[in-house]
Amino acid sequence: MIAIASIFQESNGFAGIKCELADFEALTLLESDDIRALAGSSSEVGGALRTLSRAGGRIVPTLVARAAPGGVLAAECWRELRDRVLNRLRRAGPVQGVILAMHGSMVAEGTDDPEGELLELVRELTGPDVPVVATLDMHANITARMLRHATALIPYHCYPHDDTFEIGCRAADLVLRIAAGEPAPGMSFVRLPMLTPAAKAQTIGDGPMAWLTRLAREARELFGLEDVAVVHVHPHNDLPEMGNGVLTLGGNEAERHAAMTKVAQAYWDCRFELEADLFSVADAVGAADDGRTAVIADWSDCVGGGAAGDSVWPLRGLMELDLGGEAHVCVVDPEAAAACLAAGAGATVELTVGHRLDPAWGAPVAVRGVVEATRPDATFRYAGGLYGGALGRMGDSAVIRIGPWIRLLITSLRTYEWRGEQYAAMGFDPARARYIVVKNPMNFRPTYKQWTELFVPVSLPGATTPALRQLTYRRLPRPCFPLELRSNSDPAPLTFLSAASVESGEHG
């Protein structure tokens, strides 16, 4: 019997919002046999279910709980989800293996490392010899506690995250092999004193992260390892074990150490290349003067990184400019959405919009427009990636036209922006737009590239700002790039961790 569980959320310690149980209920909260509905999805759980089913293994489904990225989990929310997993494992009795699909950068009130806590508690139930394999987001913060209690950690390799299904398959395959008698692979991690934003972290093309992931594949083959993964930690938390790094599986410790050192040194050498190039909204509009559609990427208010999605800085910037073409803009504002639904389609409304959920990052803006469409309890279906197939809930939503060019989508609930599903659900046609605002650093690209390749990142205030030196870190290990270590001659002080070293406390 192989147990499957997932508690998955990316936390943002700089966001002024909290993640509650209702946020999981709004996206995915499945228990027991209901989890089997994910068998056809592109998620890690979908991959694991298919692999186990094809192997003829008996599956023990426990809990799959997923929330959009946001603030830290409320203490009661974390305890409730954690205990549901543990109680179902206890009722299942002895199992041959456990697969945990987690993010790796979740934070809860009272614990900096809930994923490490869950791994420890699961290990107490299973004993030392049962394989417990966890899948992680590429943006995980890998801790000593995770390394101590997991048999293996398997992060995504791709950003955009298009390999989630494959990672789930790999995790299930490894659990099955170990359960059948194959020795568990050794595991080691090296942490670098650096944080970098997601701005240039795509693993396709010729950018620095694409080159690093190719180097990791070469190192895996050179040293004959099971895995070499580049880990690009979510930088919008302030924790005592944070830092980008390289994770290795398989081989002996010397081989893992050599592979990690090779990739980590290259990672350090390209740290300046991973910093963001940022522009203004006016720059983005000017870049579209040749008639091309400009995708204006507001990375600072990315729900996918834990922000509230309620910023109107892009809207404010567009309203101040002479556009000459249609602009699509979005914002989360339940009060404004309710006012539009009450007024009804065709009505002219005067509203203040924005910065209601997390007011620390700006002030509302006054708008006057015509309600074009309303939709109570609007939903959509995620078209791929880690939420592939899941139902997204925008809540009461409306579209208003502001002036001749701006169409504003107002939703009541925060949703992870992946491939423009929210716009599509409300009737927006990207082919008509001259400017499209997305609150996302990367995952929109596969969809919007059919209309344009003009993607302009803009620098605005927000909880997911890629300008990391604007944030105040108090618990982060120091020195740390980009706050310090900004000389090209600075060496990379590496922290090597392995299961053996964290057990003994001898690592460095």
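Each value in this text was obtained by applying a stated rule to the coordinates, not by laboratory testing. Worth saying up front: this structure is predicted, and the values here are computed from it rather than measured. Methodologically, a virtual Cβ is constructed for each residue, glycine included, from the backbone with ideal geometry; neighbour enumeration extends over all protein chains shown.
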Positive-end residue of P94, I167, A74, charge dipole of the chain with Cβ unit charges: P94
Whole-number percent relative contact order across the stretch 1-184, with pairs defined as alpha carbons under 8 Å at least 6 apart: 28
Spacing of the two label points (7 Å from each Cα toward its C-beta) at A282 and L121, in nm: 5.3
Value of relative contact order over the chain, rounded to a whole percent, pairs C-alpha under 8 Å and six or more apart: 18
Estimated 222 nm signal from helices in the chain, with DSSP H stretches of n ≥ 4 weighted -39500 (n - 2.57), rounded to 500: -8500 deg cm²/dmol
Ranked packing of 239-248, 116-125, most packed first, by mean Cβ within 10 Å: 239-248, 116-125
Cα lying deepest toward the dipole's positive end in the stretch 1-107, options V64, V107, T51, charges on Cβ: T51
Listed residue (G389, G354, Q422) projecting farthest to the positive dipole end of the stretch 281-465, Cβ model: G389
Rel. contact order, % - alpha carbon contacts under 8 angstrom, at least six apart, the stretch 281-465: 35
Förster-model FRET efficiency, 25 Å R0, D83 and D238, C-beta, rounded to 0.05: 0.35
Dipole magnitude (debye, nearest 20) for the chain, charges at Cβ of Lys, Arg, Asp, Glu: 540
DSSP beta bridge pairing in the chain, given as percent antiparallel to the nearest 5: 50
Lysine pairs in the chain with Cα atoms under 25 Å, if 8 or more residues apart or on separate chains: 5
Check: the stretch 281-465 dipole with +1 on Lys, Arg Cβ and -1 on Asp, Glu Cβ, in debye: 400
Length gained when the stretch R90-E335 is fully extended (0.36 nm per residue, less Cα-Cα span): 83.8 nm
Local electrostatic count, L341, Cβ distance below 9 Å [Lys/Arg +1, Asp/Glu -1]: 0
Gain upon complete extension [D269, A345; 0.36 nm per residue less C-alpha separation]: 21.8 nm
Antiparallel DSSP beta bridges within the stretch 1-140, percent to nearest 5: 20
Segment R54-E484, extension gain: residue separation times 0.36 nm, minus the distance between their alpha carbons: 149.8 nm
